[in-house]
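First comes the structure, then the notes that go with it.
What follows draws every value from the coordinates through simple rules; no lab data is involved. Computed from a predicted structure; not experimentally measured. Here the Cβ positions follow ideal geometry from the backbone for every residue, glycine too, while neighbour counts run over all protein chains shown.
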Amino acid sequence: MFADFASTILAAGVLTLLLALGALVLSSVLGLVLAYGRLSRRRWLVRLIQTFNFVIRGIPDLVLMLLVFYSLPAAINQFLEWSGSGLWVEFSPFWAGMVTLGVIFSAYMSETFKSGLQNIPRGQIEAAEAYGLHPWRIFWRITLPQLARLALPGFTNNWLVMVKATALVSLLGLQDVMFRAKGAAEATGQPFTYYLVAGGFYLAVTLASTFGLLALARQLEQTNHAGRT
Amino acid sequence: MLRLKLALAMSLLAAPALAAPLNIATDATFPPFESIDANGKLVGYDIELMEAVCKAAALECNIANAAWDGMIPGLIDGKYDALISQLTVTDKRRRVIAFSDIYSHPTFRFVAKKGAGLDISPEGLAGKTIAVQTGTPMDAYVTAHYPQSTIKRYDTGSAPYLELTGGRADVHISYQAQVVHSFLKSGAGKDYELVGPELTGADAPEFGEGVAIAIGKRNSELVEKVNEGLAKIREDGTLEALNKKYFEQ
């Protein structure tokens, strides 16, 4: 019985990982855009992003999650009903969870990327511009390789926190590892056993990604040195 | 399964469709009424009852495991068509949701250590600690009637039993069938017993009028259909067989 319940819980790991990876992609892309925005010369844009980061980082993830999934559709639907359009929106728990996590962590990612970007000497970019390189090419060939190396420690940290934060989606009724663990715990009356299974899963993901990212860091270090000689 | 979810997710905007199977939500964390089996499948009294009702009323139903916190808001918003989760009928709930006919009148019981010699009354339990699952009729009952006791509230159905066996609570109150199934029949509960009177909705309004299927307030057509189904399974003996299967000790 234990093996069956445990495999039911671990089978939900696919969903947890998909959610985490989706949120990672979203938060990285959005975080990079926000980081560039923060470094722009437009004062209003900087202020806007600062406010966004402040608000997002100042509200618990759980509160944001519940607001987006339960309150936002209700508010939109009230508006739609009032306007008499006959439409009605519904957020799927998977997308609501992924987008919310992605947006929350984009604030953290933008801070990580911003300090990474600031550590790339401006002279390199100016030199590239002087050679007439296209901004995209400057980004791909000069900025990104260095940013990857500089931002990796912070990026790793954000990823580890985010994997664990995915457990919050169980409150939206999404059948992730945590949701299944609770179901098994209540069905059997053995909460410790099955929460430990869930704990083991998150730990294994953390362990695997720590090693993976360490290997990546070593690789980036080497290619960067190779590039310099 | 996942692909299906993704596909559903793609259509964020959807118009209400009556032809699709009904979305029925349950919080499968309350055996023997609703829980998951080792393969993650929904099982229990409420699940079997709902399936029988759907069959009898010729409704296409999809019963899904959901999180309790979102169930009633989800019903009001139309995310779910109905809820079955040992929902007690109360006036407060009637204001926001509709109910089918009542299908069960549950019995509530206190449970304590064998030979504890507790006097189950507000005076007898004065100064004692009562463990209870938060937000349940039992919670409302002890909160209203046992003001002199310390009430410890827990998020899950299983936690109060850990408190009881850990010696951090003197007594716990829940659905009798749940106490028997989840605790007394398990190894952990062998030194414990049901104590005090059998309580029902007739003893205190907090226990509600009975248990029913919750349906969206605007969906009176579905209320009628579900009631038809309930009447049918009452007549043909399905309900009686279910009661026997789950509640006879």
Checked segment A:33-51 for anything surrounded by 14 or more Cβ atoms within 10 Å (Cβ to Cβ) and of a type in the set (Phe, Trp, Tyr); matches are A:36
Listing of strands (runs of 3 or more DSSP E) fully contained in segment B:105-210 that carry 3 or more residues being touching a Ser or Thr at 6+ places or on another chain (Cβ under 7 Å) and either surrounded by fewer than 18 Cβ atoms within 10 Å (Cβ to Cβ) or of a type in the set (D, E, K, R) (or both) | B:150-154
Determine whether segment B:63-76 contains at least one residue that is assigned to a loop (DSSP other than H, G, I, E, B) and surrounded by fewer than 20 Cβ atoms within 10 Å (Cβ to Cβ).
-> no
Would you be able to say whether some residue in segment A:163-177 is in a loop (DSSP other than H, G, I, E, B), under 15 Å from residue B:155 (Cα atoms) and within 8 Å of chain B (Cβ to nearest Cβ)?
-> no
Matching residues in segment B:83-103 - criterion: being over 15 Å from residue B:136 (Cβ atoms), out of contact with any strand residue (DSSP E or B) (no Cβ under 8 Å at 6 or more places or on another chain) and not in a loop (DSSP other than H, G, I, E, B) | B:91, B:94
Kindly establish whether residue B:222 is crowded, with 20+ Cβ neighbours inside 10 Å and either in a helix (DSSP H, G or I) or of a type in the set (Lys, Arg) (or both).
-> yes
Among residues of segment A:62-90 being among the hydrophobic types (A, V, I, L, M, F, W, C) and not in a helix (DSSP H, G or I), the residue nearest to residue A:103 (Cα to Cα) is A:89
Would you be able to tell me the number of residues in segment A:1-28 that are without any contact (Cβ under 8 Å) to a residue 24 or more places away in the chain and more than 9 Å from every other protein chain (Cβ to nearest Cβ)?
-> 1
Would segment A:144-160 turn up any residue that is assigned to a helix (DSSP H, G or I), of a type in the set (Val, Ile, Thr) and under 19 Å from residue A:25 (Cα atoms)?
-> yes
Pick from B:76, B:84, B:102: which is of a type in the set (Val, Ile, Thr), within 14 Å of chain A (Cβ to nearest Cβ) and under 20 Å from the mean Cα position of the chain (by Cα)?
-> B:76
Would you mind stating whether residue A:54 is more than 9 Å from chain B (Cβ to nearest Cβ) and surrounded by fewer than 16 Cβ atoms within 10 Å (Cβ to Cβ)?
-> yes
Scanning segment B:16-41 for residues that are outside any loop (DSSP other than H, G, I, E, B) and under 23 Å from residue B:225 (Cα atoms), the one farthest from the other protein chains (Cβ to nearest Cβ) turns out to be B:22
Residues in segment A:182-198 that are surrounded by fewer than 20 Cβ atoms within 10 Å (Cβ to Cβ) and either facing chain B (nearest Cβ under 7 Å) or within 26 Å of the chain's Cα centre (by Cα) (or both): how many?
-> 3
